[in-house]
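Data block below; observations after.
The values are calculated or read from the model by the stated rules, or taken from the named source; none is laboratory data. In this text the structure is predicted, and so the values were computed from the model without any measurement. For neighbour counting, all protein chains shown are included, and Cβ atoms are generated from backbone atoms with ideal geometry for every residue, glycine included.
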Amino acid sequence: MPEFVGAIDQGTTSTRFMIFDHRGGVVASHQLEHEQILPRAGWLEHDPLEIWRRTETVIEAALDKGRLCATDLAAVGITNQRETTVVWDPLSGKPFHNAIVWQDTRTDAIAAALERDGSGELIRQRAGLPPAAYFSGGKLQWLLENVEGLREAAESGRALFGTTDTWLLWNLTGGRAGGVHVTDPTNASRTMLMDLRTLDWDDELLGLFGVPRGMLPQIRPSSDPGQYGTTLSSGPFRGQVPLTGDLGDQQAASVGQLCFEAGQAKNTYGTGNFLLLNTGPEPVRSHHGLITTVAYQFGDSPAAYALEGSVAVTGSAIQWLRDQLGIIADASESEALARSVAGTEGLCFVPAFSGLLAPYWRPDARGAIVGLSRFHTRAHLARAALESICYQSRDVVAAMEQDSGTSLAVLKVDGGVTANDFAMQLQADILGIPVSRPVVAETTALGAAYAAGLATGFWAGVDELTANWQESRGWTPSCGEQERADGYRLWRKAVERTLNWIDLP
Ligand code: ADP
């Protein structure tokens, strides 16, 4: 009996392959970065062939490190950077263009036009999303309009669309020689092309973006006992392993954190922050600036939905202190520096470097440091930066509680910033609820492994996974109500100061 499950984590900056045991422990892993291609300001591309080569290498290297082979793996799952759009020729196996990455803003005008012509409401109603450059539909429209010959190819079945999960699954299962063309509802729910209720592509939405249905992948369960396909003996696994799990990265982290019940939430603190709240089997429409998305859909069970709040700049504000201001040499130094002062003494830092996402959605905002006096030092600024991460999370939590009508009992956290114990104490104080960090920090890859292993019976059910979740550390609120309220009032005033800064066309 195979003792392990593998997970491919195809992220924005790197790709890794991780191998987990039955208890969710990491047995081996390998990670490689790929190039960030910046053809002009606001554009960001990846080379899909480079991503495929990196994927092959990390699989081989992790198996070698663990002295394992394909027969040791019960199943493999995949998790991926969401929304990033790839279009390729199934006969040659070659991409028509570089992948357009989720952060790329070249399709701002497409999103704005949809809003202007009144299509925004249909997209919100059916796909759960506001029209935005962030999502795949506009990126695919841009490719169809700007890559010569692509539209004709798409209409004659000579072009396939996918996010990077789909691209890698196609390559892993044979590529030109019969690769499968599939995705899962979590990834499809980020395109603006899928009906959230039917979990199928919607002809009216396809019409808005001019997308031929034939180029879209089949939407299969995120955990699929029927398996998407098997890996090839000639491929990087050097053997046949069932491919049975597929989840977008933030949804995978939510599964890795075992958010299987309505009311459970996780917050991932990386470059930006992504908070997902499981809302159960019905999609909840947001009226407070969040988006509605599929949390997961396992086997023939109904889908679970989530409300999501994305914040653009959190951990990257700490990088900014390091790289642009040079007031710390390493992100971890922010902790001691911030601890060295008792408070920010009225200083607020709103890192709205590229506008504000959830819950404000204000592209006209820009960053501000307000409340400065002669007394302030870099220590106050470091503390204000950590507080900004926590206040932005509070803004999202507040919107979630208003939308869902429930209040959070505890916030499960993961990601790079959660290594900062002081920031997590601030988070508990600013939210007024406990914050809990698990032992296995690799929740994204773990979630993909869980989806894959549940499909093959490697794990009998979600109850069995509960034993794998252990807290490494928890924080409880230590400040008073008045202090919490005063701090938040100041934050909201500071956010006001950042608005209307850029004159949008
Ligand atoms: P991503 O997956 O988005 O690349 P990670 O989860 O690896 O992000 O987290 C990286 C981010 O965490 C960086 O932006 C970095 O500034 C921040 N970070 C890492 N360690 C600390 C720390 N000790 N305190 C504050 N921020 C940190």
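On inspection, residue 164 passes the criterion of being in contact (Cβ under 8 Å) with a residue 12 or more places away in the chain, buried (at least 22 other Cβ atoms within 10 Å of the Cβ), among the hydroxyl-bearing types (Ser, Thr, Tyr) and under 23 Å from residue 247 (Cα atoms). Take the conditions at pLDDT 95 or above, within 30 Å of residue 456 (Cβ to Cβ), assigned to a loop (DSSP other than H, G, I, E, B) and more than 16 Å from the ligand (Cβ to nearest atom) and apply them to residue 301. Does it pass? Yes. Could you say whether any residue in segment 116-124 is of a type in the set (Asp, Glu), closer than 21 Å to residue 306 by Cα and touching a helix residue (DSSP H, G or I) at 6+ places or on another chain (Cβ under 6 Å)? No, every residue in segment 116-124 fails to be of a type in the set (Asp, Glu), closer than 21 Å to residue 306 by Cα and touching a helix residue (DSSP H, G or I) at 6+ places or on another chain (Cβ under 6 Å). Taking segment 328-352 on its own, how many of its residues are touching a residue at least 12 places away in the same chain (Cβ under 8 Å), outside any helix (DSSP H, G or I) and more than 28 Å from the chain's Cα centre (by Cα)? The number of residues fulfilling the criteria is 7.
Taking the listed residues 471, 442, 464, the one that is acidic (Asp, Glu), within 20 Å of the chain's Cα centre (by Cα) and within 30 Å of residue 30 (Cα to Cα) is 442, with no other qualifying. For segment 422-439, a tally of residues being within 12 Å of the ligand (Cβ to nearest atom) and more than 23 Å from the chain's Cα centre (by Cα) returns 2. The listed residues are 124, 151, 176, and the only one of them that is over 29 Å from residue 297 (Cα atoms) and not hydroxyl-bearing (Ser, Thr, Tyr) turns out to be 151.
Here's the yes/no breakdown for (1) touching a Lys or Arg at 6+ places or on another chain (Cβ under 8 Å); (2) buried (at least 18 other Cβ atoms within 10 Å of the Cβ); (3) aliphatic (A, V, I, L, M):
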{"position": "21", "(1), (2), (3)": "no, no, no"}
{"position": "31", "(1), (2), (3)": "yes, no, no"}
{"position": "42", "(1), (2), (3)": "yes, no, no"}
{"position": "46", "(1), (2), (3)": "no, yes, no"}
{"position": "55", "(1), (2), (3)": "no, yes, no"}
{"position": "65", "(1), (2), (3)": "no, no, no"}
{"position": "74", "(1), (2), (3)": "no, yes, yes"}
{"position": "85", "(1), (2), (3)": "yes, yes, no"}
{"position": "107", "(1), (2), (3)": "yes, yes, no"}
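Each residue in segment 450-483 was checked for being under 30 Å from residue 345 (Cα atoms) and β-branched (Val, Ile, Thr), and 1 pass. Of all residues in segment 328-341, those that are away from the ligand (no atom under 12 Å from the Cβ) and modelled with pLDDT under 95 total 0. When only residues in segment 373-385 that are of a type in the set (Lys, Arg) and either under 25 Å from residue 473 (Cβ atoms) or in a helix (DSSP H, G or I) (or both) count, which is nearest to the ligand (Cβ to nearest atom)? Restricting to residues being of a type in the set (Lys, Arg) and either under 25 Å from residue 473 (Cβ atoms) or in a helix (DSSP H, G or I) (or both), the top hit is 383. Applying the criterion of being among the aromatic types (Phe, Trp, Tyr) and within 16 Å of the ligand (Cβ to nearest atom) to the residues of segment 249-298, the residue that is surrounded by the most Cβ atoms within 10 Å (Cβ to Cβ) is 269. Among all residues of segment 314-327, there is at least one that is within 12 Å of the ligand (Cβ to nearest atom), within 21 Å of residue 493 (Cβ to Cβ) and part of a loop (DSSP other than H, G, I, E, B).
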